[in-house]
């Protein structure tokens, strides 16, 4: 290699190493800036979470006149040992809340867990499984087909699902405009006149409780029938349940249905590791329920 | 269930296993694949420009101003992808006026807005002399436009030019942080969601930044080569060799980090790993194959180009070839992340298969239109502010 070529090559290498060094230094500085920015976001999120936990002062009048939302703390119970999978709750919810009658939008649904002999994992389906949809008489009718009739079932149970109205709702955290919010009585609501329809909350909910309503172009989900509970009624799904598998009430009242349900059962919540703090309490489910 | 099933009469994704009922329509479609892809191109193109403007690496001079215009063209269309996706785009200003600061999304307008201002300012300083010259040489409406663009600053003395260079340098330096911040932020939007196993990773922002730079450099190579061919001008070999080195460095780190991400996932074997295997072997298998092959092959090619000091047409040809593959690889990566993350059910018991529509607001045609529009806008910008060489002043 000639001297000139050697020098050129060395200069090239030096230049490249120098470039890499500069890029590393820049990356380090930028990462620092990024980390600080993300930390600020995390701090803001933590403050919001703390604020939620600390129950800030709310005006006594909420979105419903003559209803003091600071005097209640609603919660929901599901007794899986009672549910018979009749799906009247799902139908009632669709009618009561004008949820589109199609097999992909639900404020509430029921899961069926079936353990067959020789299998260690359950088979899970819901009313919107194609086989069950085919078994229904009309789109307004939901039912579970008797698909395991000829098989040996060792264990089975039904699990009603709905929005968990979490203590630290991830959906509220991620809403870019604050269209979804937590009320002082513990209900997570959506202002459909404010929702921009970005669906970030749909992504953030670990329970799949939210759906995008094509008619309104906004997100929708269970509100525990807020329009009913603020008038002293129970949610529609609770009202129609023939076996009291769905329980609703005020935690501030020690004699309410929900307070008694929580006291008298070994309850659990779904996906506790998310840190969301669900307010739907389950009895009679196993670890396979997610 | 075992086999793919589709509910008749409804646009839902077929699935295997068990998925929540509300999951059968994916909330984010192909437009949200395009959104991080475009912002990535911005970041990469800008970095190259800054290597010249801040670090004075002369080899990047031929593409430095082209890179700035490319960054602006792509940045202009990133919000289009996002706005098209919204159910109520007319309410999107609420994310600015009444931003809910605990949301990662709320920062988008501010992050992108800050970056846009920075970019426009830098472009103005980098092109000011040309704008002044063109305000003298052009005629009619164009002259009026250039006069407005001078913002009344027509001093082109050596002192004023030194001032311009100083500002460009500072803005480019801040812009590097902004470019990393912008795309790191996009990665954070996905990585911070604990509900999605496929997204919830601390490495997500880093992977997004690195792959963004790779795709940005690749698109710059292609824009430079194509524009040079169209203009019948010589491609600067030294510049191409420099771009090869930048590409090689970022590609190397990208491949290592992404491989580590997968190795870690399979080594940990957390709950749901079986479904992840089904996702990789099923709905995103083609995407994963494109991402892997189209990253590794260009890496080998670029390594050979650097080690063997290949020059001339071979360098340009192979760099163009590698760039096409890399742009496809990064697009596939965006697909694998955005779509793949939603195809993996939150139940950890099922996998969906997303089938994008062709027409409509969320369709492939519109997504491609948004992507192509950014290139058309780049062409308009390059006509308005030629980035190739300085415009001569009139006597």
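The values are calculated or read from the model by the stated rules, or taken from the named source; none is laboratory data. What you are looking at is a predicted structure, and each value in this text was computed from that prediction instead of being measured. Glycine also receives a Cβ, built like all others from the backbone with ideal geometry; neighbour counts cover every protein chain displayed.
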- Per-region count, the stretch B:287-324, residues over 18 Å from residue B:237 (Cβ atoms) and without any contact (Cβ under 8 Å) to a residue 40 or more places away in the chain: 6
- Task: For residue B:17, work out the one condition from (1) under 30 Å from residue A:130 (Cβ atoms); (2) surrounded by 20 or more Cβ atoms within 10 Å (Cβ to Cβ); (3) more than 7 Å from chain A (Cβ to nearest Cβ) it doesn't fulfil.
- Result: (2)
- Query: When you scan the stretch A:186-241 for strands (runs of 3 or more DSSP E) that lie fully inside it, which ones turn up with 3 or more residues that are within 14 Å of chain B (Cβ to nearest Cβ)?
  - Reply: A:211-213, A:218-220
- Would you call residue B:312 surrounded by fewer than 21 Cβ atoms within 10 Å (Cβ to Cβ), on the phi > 0 side of the Ramachandran plot and more than 14 Å from every other protein chain (Cβ to nearest Cβ)? yes
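Okay, residues lined up against (1) assigned to a helix (DSSP H, G or I); (2) farther than 30 Å from residue A:213 by Cβ; (3) within 11 Å of chain A (Cβ to nearest Cβ); (4) free of Cβ contacts under 8 Å to residues at least 40 places away in the same chain:
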position: B:43; (1), (2), (3), (4): yes, yes, yes, no
position: B:71; (1), (2), (3), (4): yes, yes, no, no
position: B:84; (1), (2), (3), (4): yes, no, no, no
position: B:99; (1), (2), (3), (4): no, no, yes, yes
position: B:120; (1), (2), (3), (4): yes, yes, no, no
position: B:146; (1), (2), (3), (4): yes, yes, no, yes
- With the condition kept exactly as written, say whether any residue in the stretch B:239-248 is at pLDDT 95 or above and surrounded by fewer than 18 Cβ atoms within 10 Å (Cβ to Cβ). no
- Task: Please state which one of B:261, B:274 is over 27 Å from the mean Cα position of the chain (by Cα) and closer than 25 Å to residue B:202 by Cβ.
- Result: B:274
- Please specify each residue of the stretch A:213-223 satisfying the condition of being surrounded by fewer than 23 Cβ atoms within 10 Å (Cβ to Cβ) and touching a helix residue (DSSP H, G or I) at 6+ places or on another chain (Cβ under 8 Å). none
- Item | Test: residue B:274 is surrounded by fewer than 18 Cβ atoms within 10 Å (Cβ to Cβ), in contact with a helix residue (DSSP H, G or I) (Cβ under 7 Å, 6 or more places away or on another chain) and under 30 Å from residue A:121 (Cβ atoms) | no
- Message: Out of everything in the stretch B:86-97 that is part of a helix (DSSP H, G or I) and in contact with a helix residue (DSSP H, G or I) (Cβ under 8 Å, 6 or more places away or on another chain), what residue ends up being nearest to residue A:197 (Cα to Cα)?
- Response: B:89
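Taking the stated definitions as given, is residue B:218 crowded, with 18+ Cβ neighbours inside 10 Å, under 25 Å from residue B:184 (Cβ atoms) and within 14 Å of chain A (Cβ to nearest Cβ)?
no
Does at least one position in the stretch A:128-138 carry a residue that is at positive phi and more than 9 Å from chain B (Cβ to nearest Cβ)?
Scanning the stretch A:128-138, I find no residue that is at positive phi and more than 9 Å from chain B (Cβ to nearest Cβ), so the answer is no.
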- Could you tell me whether the stretch B:189-199 includes any residue that is assigned to a helix (DSSP H, G or I), touching a residue at least 60 places away in the same chain (Cβ under 8 Å) and either more than 20 Å from the chain's Cα centre (by Cα) or within 11 Å of chain A (Cβ to nearest Cβ) (or both)? yes
- Query: Hey, any hits in the stretch B:232-243 for a residue that's closer than 27 Å to residue B:336 by Cβ and part of a helix (DSSP H, G or I)?
  - Reply: yes
- Item | Answer residue from the stretch A:166-185, given it is in a loop (DSSP other than H, G, I, E, B) and facing another protein chain (nearest Cβ under 7 Å) and is surrounded by the most Cβ atoms within 10 Å (Cβ to Cβ) among those | A:175
- Task: Inspect the stretch A:206-219 for any residue being farther than 23 Å from residue A:100 by Cβ, over 20 Å from the mean Cα position of the chain (by Cα) and touching a residue at least 12 places away in the same chain (Cβ under 8 Å) and give the result as yes or no.
- Result: no
- Item | Sole residue being assigned to a loop (DSSP other than H, G, I, E, B) and either within 19 Å of residue B:224 (Cβ to Cβ) or within 13 Å of another protein chain (Cβ to nearest Cβ) (or both), chosen from B:388, B:379 | B:388
- Note on the structure: Out of (1) modelled with pLDDT of 90 or more; (2) within 10 Å of chain A (Cβ to nearest Cβ); (3) over 30 Å from residue B:157 (Cα atoms), the one residue B:111 does not meet is (1)
- For residue A:107: the one exception among (1) modelled with pLDDT of 95 or more; (2) farther than 30 Å from residue A:150 by Cα; (3) away from every other protein chain (no Cβ under 11 Å): (3)
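Considering only the stretch A:249-271, I want to know if a residue exists there that is over 19 Å from the mean Cα position of the chain (by Cα) and assigned to a strand (DSSP E or B).
Yes, the conditions are met somewhere in the stretch A:249-271.
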